[in-house]
Amino acid sequence: MGTTKVAGAGVDVAALETLYAEMEREEHHDLKGVVIVRAGRVVSERYFNGDSAETLHDIRSATKSITSLLMGFAVQKGMVHSVHDSIAAYLPGLPKDGRERITVEDLLTMRSGLDADDTVATSPGNEDRLDESTDWIRAAYAVPMKRAPGEKYLYCSLNAFLTGAIVENATHMPLDEFAKANLFGPLGITKFRWRQVPVNRTTGQGNLEITARDAAAIGGLMLNDGVVNGRRLLSHEWIAKSLASEVAISDSDPYADAYGWMWYTRAAPVGGRKIEVHFASGNGGNKIYIVPSLHMVVAIMSSAYGHGYGQRRSQEILLRVLEAVR
């Protein structure tokens, strides 16, 4: 299934059709959808391998970027006073063994100092330890400190889970309900699923299921500096810090140059020039790409979970789309 709206879009439709045809023939059969929005209009979309515009898709860790936005709403509403607050102010029972020096911002930039690294299977705070737990908060509290907060970027889902837990505690609402009231509702997102875990928690680090179009709508919020239909939804300051290059990560991430508040940034090489792209990223190649200089959002849904080719494929799709823009 595919649609292409051409007038005034500034997109090489033939190039996109060639790309889509290649994706339909590729061997893995787990690419699910591509939606391209420019200047607020869907200019092209295509679905693959049984998906459609109505299909809910698990975007995995791209969810982290949305959890960061929900923290933004909690701060904007005064329910969380500041990103410079100690996380202990919002996590009752947190051990006072140095963890009280972790700030909310340390979680948002993946610099908590906790002994948690999703790239190392034996790490005490590896995401698998959470998945195996019968009480996720208790499991998170048991992860020891390894270094000073703010010292080093280490990608770990534990930080995003704790971010979501803080939002839940501060707002006295489940994370999915808070999202529905403050983010999804205003964006017109009415159909979604979000994994629930023990005990009475929503997985702030992943497993949100939304449609490709709704993923693109979230990208549109970021592209439009937090404004939706002429109304400011989220502050300029939060959007700017989310997309800022707060931490250089190219030495540990081949797909990104920098990390902000749970959003990535990369200078994508296109035709001898570099185009700045911000993005949310999830296992398997799930992406929400934001391209400010081209007024464009590209959402890619993929089920290549656990396979490195999924990330490579999504990056290649993005580069081909950027090459097709006039």
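Here are the numbers:
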read-out: Qualifying residue in the range 253-271 (condition: over 28 Å from Ser112 (Cβ atoms) and of a type in the set (A, V, I, L, M)); value: yes
read-out: Condition met for Thr202 (within 23 Å of Ser281 (Cα to Cα), of a type in the set (S, T, N, Q), touching a residue at least 40 places away in the same chain (Cβ under 8 Å) and surrounded by 24 or more Cβ atoms within 10 Å (Cβ to Cβ)); value: no
read-out: Options Gly50, Gly10; residue that is farther than 30 Å from Tyr155 by Cα and at pLDDT below 95; value: Gly10
read-out: 3 or more residues touching a Leu at 6+ places or on another chain (Cβ under 7 Å) and modelled with pLDDT of 95 or more: qualifying helices (runs of 4 or more DSSP H) within the range 166-285; value: 175-179, 212-223
read-out: Subset of the range 16-61 (residues that are within 24 Å of the chain's Cα centre (by Cα) and of a type in the set (S, T, N, Q)); value: Ser44, Asn49, Ser52, Thr55, Ser61
read-out: Qualifying residue in the range 156-170 (condition: small (Gly, Ala, Ser), within 22 Å of Ala62 (Cα to Cα) and touching a strand residue (DSSP E or B) at 6+ places or on another chain (Cβ under 9 Å)); value: yes
read-out: Among (1) more than 27 Å from Leu19 (Cβ to Cβ); (2) modelled with pLDDT of 95 or more, the one test that Ser303 misses; value: (1)
read-out: Asp85, sole failed condition from (1) in contact with a helix residue (DSSP H, G or I) (Cβ under 6 Å, 6 or more places away or on another chain); (2) under 23 Å from Gly206 (Cα atoms); (3) among the charged types (D, E, K, R); value: (2)
read-out: Members of the range 287-326 found to be buried (at least 24 other Cβ atoms within 10 Å of the Cβ), more than 16 Å from Arg46 (Cα to Cα) and of a type in the set (D, E, K, R), listed by number; value: none
read-out: Subset of the range 155-185 (residues that are more than 20 Å from Asp118 (Cα to Cα) and open to solvent by less than 40 Å² (accessible area, probe 1.4 Å)); value: Ile166, Val167, Glu168, Ala170, Thr171, Leu175, Asp176, Phe178, Ala179, Asn182, Leu183, Phe184
read-out: Per-region count, the range 128-165, residues hydrophobic (A, V, I, L, M, F, W, C), in contact (Cβ under 8 Å) with a residue 24 or more places away in the chain and part of a helix (DSSP H, G or I); value: 9
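Per-residue answers, yes or no, for (1) over 18 Å from Thr67 (Cα atoms); (2) not hydroxyl-bearing (Ser, Thr, Tyr):
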site: Asn224; (1), (2): yes, yes
site: Ile239; (1), (2): no, yes
site: Tyr264; (1), (2): no, no
site: Val270; (1), (2): yes, yes
site: Glu276; (1), (2): yes, yes
site: Lys287; (1), (2): no, yes
site: Val291; (1), (2): yes, yes
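The values are calculated or read from the model by the stated rules, or taken from the named source; none is laboratory data. All figures in this text were calculated on a predicted structure; none of them were measured in a lab. So basically every Cβ, Gly included, is an ideal-geometry build from the backbone, and we count neighbours across all protein chains shown. Just the protein is used for accessible areas: all its heavy atoms, side chains included, with ligands, DNA and RNA removed. Shrake-Rupley method; radii C 1.70, N 1.55, O 1.52, S 1.80 Å.
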